[in-house]
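The values are calculated or read from the model by the stated rules, or taken from the named source; none is laboratory data. If you're wondering where the values come from, they're calculated on a predicted model, not measured in any experiment. All Cβ positions, even for glycine, are placed from backbone atoms using ideal geometry, and neighbour counts span all protein chains on display.
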């Protein structure tokens, strides 16, 4: 579901570094912030897709190669800004794994934690040192970070960590006027759920458990990120904004 929006300039004069921005939620965030008159740095390991998106957006968009799990890669990405004023960080890079805990290898668990949680930590730490006072950080966590789901143990643990880390950063950055929040999407229709380990999931049955009776879109998550990085949310920090179609609200009678 795509929404056509008039340019309102809600991100004008700001520059965002967005991780995992070559696809999925990250790409949707890049498009929305660019549509709102901001500059976007599309940070991703996928150079081809990242450069293609930057070319599609045109002025005020550039690709930055970044492996979020690598400390040196983060520093190189920040150095490439060459003194440019960075106002916003959106940590969107991540992955999921559907597997029972007893069948999850240590390597698989560590890989998810490294990508989802350590990558977010490195972003908050490295980019946080360079963010302009009064800026903003948005970490893409998950509904599963606040409402665990069976067979998603590594993902749940990593995203719960992201939500907790977000609150700590909000406290530590507050004296600089930098807001730090997390967005917690529920089931969003992106390629992250196209993995083979999700192939046998009954999506029709799952959708029936969602009060709004559909999966969300990357653009709907991006609109929430826009709110949290715009001046409209200057008094919002340390929060987990759940975007899940009503799942976390409770159970329906029927």
Would you confirm whether any residue within region 168-179 is in contact (Cβ under 8 Å) with a residue 12 or more places away in the chain, buried (at least 16 other Cβ atoms within 10 Å of the Cβ), in contact with a strand residue (DSSP E or B) (Cβ under 7 Å, 6 or more places away or on another chain) and more than 14 Å from residue 89 (Cα to Cα)? no
In region 180-200, the residues that are modelled with pLDDT of 75 or more and either buried (at least 19 other Cβ atoms within 10 Å of the Cβ) or within 30 Å of residue 135 (Cα to Cα) (or both): 180, 181, 182, 183, 184, 185, 186, 187, 188, 189, 190
Return the residues of region 19-69 that are in a helix (DSSP H, G or I), without any contact (Cβ under 8 Å) to a residue 40 or more places away in the chain and closer than 16 Å to residue 89 by Cα; say none if nothing qualifies. 30, 34
Some residue of region 96-105 being touching a helix residue (DSSP H, G or I) at 6+ places or on another chain (Cβ under 8 Å), modelled with pLDDT under 95 and closer than 18 Å to residue 26 by Cβ: yes
In this structure, is residue 61 surrounded by fewer than 18 Cβ atoms within 10 Å (Cβ to Cβ) and farther than 17 Å from residue 218 by Cα? no
Can you tell me which residue in region 70-96 is farthest from the chain's Cα centre (by Cα), limited to those that are closer than 19 Å to residue 23 by Cα and in a loop (DSSP other than H, G, I, E, B)? 96
Could you check region 176-218 and list, in sequence order, the residues that are assigned to a helix (DSSP H, G or I) and under 20 Å from residue 240 (Cα atoms)? 218
From 119, 128, grab the single residue that is within 23 Å of residue 240 (Cα to Cα), modelled with pLDDT under 95 and either surrounded by 16 or more Cβ atoms within 10 Å (Cβ to Cβ) or under 18 Å from the mean Cα position of the chain (by Cα) (or both). 128
If we keep just the residues of region 222-252 that are farther than 14 Å from residue 182 by Cβ and under 17 Å from the mean Cα position of the chain (by Cα), which is surrounded by the fewest Cβ atoms within 10 Å (Cβ to Cβ)? 223
Could you please give the count of residues in region 219-252 that are assigned to a loop (DSSP other than H, G, I, E, B) and farther than 23 Å from residue 133 by Cα? 6
Residue count, region 131-159, condition surrounded by fewer than 18 Cβ atoms within 10 Å (Cβ to Cβ) and within 27 Å of residue 217 (Cβ to Cβ), comes to 6
Kindly evaluate residue 12 against the criterion of being within 19 Å of residue 135 (Cα to Cα) and assigned to a loop (DSSP other than H, G, I, E, B). yes
